[in-house]
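To keep things clear, I will list the structure first and then write my remarks on it.
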Amino acid sequence: MFSKILIANRGEIAIRVIRACRELGIANVAIFSEADRSSLHVRYADEAYCVGPPPSTQSYLNMDAILDVTRRAGAEAIHPGYGFLAENAEFAGRCEAAGIVFIGPPSSAIRAMGSKTSARRLATGAGVPVVPGAIENLTDAEVERRALEIGLPVVIKAAAGGGGKGMRVVQAATELPSAIRAARSEAQSAFGDSAVYLERYLIAPRHVEMQILADRHGHTIYLGERECSVQRRHQKVIEEAPSPVVDASMRRRMGEAAVGLARAAGYVNAGTMEFLVDQERNFYFLEMNTRLQVEHPVTEMVTGLDLVKEQIAIAAGEALRYRQEDVVIRGAAIECRIYAEDPFQNFVPSPGRIIGLREPGGAGVRIETGIYKGYEVPVYYDPLIAKLITWGRDRPEAAQRMRRALMEYSVQGIKTTIPFHQRVMADPDFLRGDIDTTYIDRRFAGRPHAWDESQRDVALVAAAIHAHLQDQARAGTPARGGRAAESAWKLAARQAGLRR
């Protein structure tokens, strides 16, 4: 086992890895940009080193600086978390060349599965169903021709990346030229590669993924699926395990397909196979994420496994301690990603200072976060500030517990997506499990917060009354008619879906 690990990331995922290291008795090293000097992961780590200015290209993506700190700190391994360098084959290869263990798959597997076109070829060779499409590196003219052959609608995708970047849905032939230009431009900006490929666009599919673990001794297992269909702009915002649509037979078939593909790619460590599921419950391989997922806690909650500890053990050369039959799914878990965004203003980022913070707790509630009262949310990075996870004996209990936890959760000084999640957790379609990748647009008609103007007015009134009561309390003078104001606040808050 390692004696010291460097975490090449920031925020809540850095803290998550630090905690796993502590439980394993491993010293840990954090890195930070100049903008993150006062971040919680820096305060929490055993050691911390600055790796550059605020822009991620000069800090968290600065391979030379990170490898230099790793050597100076005497760390034997690097855990990349997710994002930044987590799926960068060059970085994994440089770690290998420097004799530093990369806690993730080998660079060869990242290359094989990191290219969406290469991954599709591997999937086809392994007998895993894929969405019909064209995986070649196509010219613009070929994209147009093949799109018409496949049949509209189609989706144009970046060959070198994912996460919704470089992705355009085309419904009509006249949209193809502009969609191709936009997809190539975004792909070049996000991944440094403008190559694109085509897939038939499935109508209202579900996005279901399968978690796998593979060691260096030839053992690969699957840990069950996660439902990730609640998405905004192709980005996941709510995830759960297990999926409401997957039964035991389908889980076994998806799991065996994921394991077979991982073996074909020579994959080692934790990884996730992503699938689209059509309305007849047929599943098709979408892509592989060669890293720990943001949503890994829901799998941990229903299996009882610690995926970060498993990653570290596998990277240290240990064999998996579990056989497939040892993996048991118990209960249900839901995760809400909490972003520093304003749901009333089309989810624009809301950086700034947190002046008040109250986090939820109680049975079955888990929170992964990197913020604290007084923390300044920077403008330079992804606005994810926390993940709220709940577990229940079944899906209804997990959802009820999430509603309760969201009511308790208060972040003051910035806007967050907590009100949006409150609305989803009260939505009958979500509670029935009637979700797909069009859920937000379909259910909330382009206004994800789903508060009409009258509801927003009620919310503003409630906020004003609440502020007045607080001012009176601070002044030490009871408000005239305070009991009536308190009752009015409760009524307004209840109608607006708010909590004091």
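The values are calculated or read from the model by the stated rules, or taken from the named source; none is laboratory data. Fair warning: this is a prediction, and the values are worked out from it, not measured in the lab. Positions of Cβ are generated from backbone atoms using ideal geometry, with glycine treated the same way; all protein chains shown enter the neighbour counts.
Taking the condition under 28 Å from Gln293 (Cα atoms) and either touching a Gly at 6+ places or on another chain (Cβ under 6 Å) or of a type in the set (A, V, I, L, M, F, W, C) (or both), does Leu148 pass? Answer is no for this residue. Residues in the stretch 147-186 that are of a type in the set (Lys, Arg) and farther than 28 Å from Cys228 by Cβ: Arg181 only. A single member of Gly93, Gly52 is more than 25 Å from Asp382 (Cα to Cα) and modelled with pLDDT of 95 or more, and it is Gly93.
Close Cβ contacts (under 8 Å, 6 or more residues apart or on different chains) running from residues in the stretch 408-436 that are in the same structural domain as Ile238 (by TED's automatic domain parsing) to residues that are part of a loop (DSSP other than H, G, I, E, B) and of a type in the set (S, T, N, Q) comprise Ile414/Ser350; Lys415/Ser350; Thr416/Ser350. Within the stretch 121-139, none of the residues are farther than 30 Å from Gln293 by Cβ, touching a residue at least 24 places away in the same chain (Cβ under 8 Å) and not hydrophobic (A, V, I, L, M, F, W, C). Residues in the stretch 283-308 that are under 24 Å from Ser115 (Cα atoms) and more than 17 Å from the chain's Cα centre (by Cα): Phe283, Tyr284, Phe285.
Residue pairs whose Cβ atoms lie under 9 Å apart, sitting 6 or more positions apart in sequence or on different chains, and linking a residue in the stretch 370-381 that is within 20 Å of Pro55 (Cα to Cα) to a partner that is surrounded by 13 or more Cβ atoms within 10 Å (Cβ to Cβ) and of a type in the set (Asp, Glu), are Gly370/Glu12; Ile371/Glu12; Pro378/Asp36; Tyr380/Asp36; Tyr381/Asp36.
Out of curiosity, is Lys157 closer than 29 Å to Val246 by Cβ, touching an Asp or Glu at 6+ places or on another chain (Cβ under 7 Å) and free of Cβ contacts under 8 Å to residues at least 40 places away in the same chain? Judged against the criteria, Lys157 is not a match. When the helices (runs of 4 or more DSSP H) confined to the stretch 230-320 are screened for residues that are assigned by TED's automatic domain parsing to the domain that holds Asp394 and basic (Lys, Arg), those reaching at least 1 such residues are found at 248-264, 307-315. Got at least one residue in the stretch 337-345 being more than 20 Å from the chain's Cα centre (by Cα), of a type in the set (Gly, Ala, Ser) and farther than 17 Å from Ile18 by Cα? Taking every residue of the stretch 337-345 in turn, none turns out to be more than 20 Å from the chain's Cα centre (by Cα), of a type in the set (Gly, Ala, Ser) and farther than 17 Å from Ile18 by Cα.
In summary, helices (runs of 4 or more DSSP H) completely within the stretch 56-165 and bearing 2 or more residues that are among the acidic types (Asp, Glu) and either out of contact with any Lys or Arg (no Cβ under 7 Å at 6 or more places or on another chain) or not assigned by TED's automatic domain parsing to the domain that holds Ala316 (or both) occur at 63-73, 89-98, 140-150. Before we move on, is Glu274 under 24 Å from Asp429 (Cα atoms), of a type outside the set (A, V, I, L, M) and touching a residue at least 40 places away in the same chain (Cβ under 8 Å)? Criteria met by Glu274.
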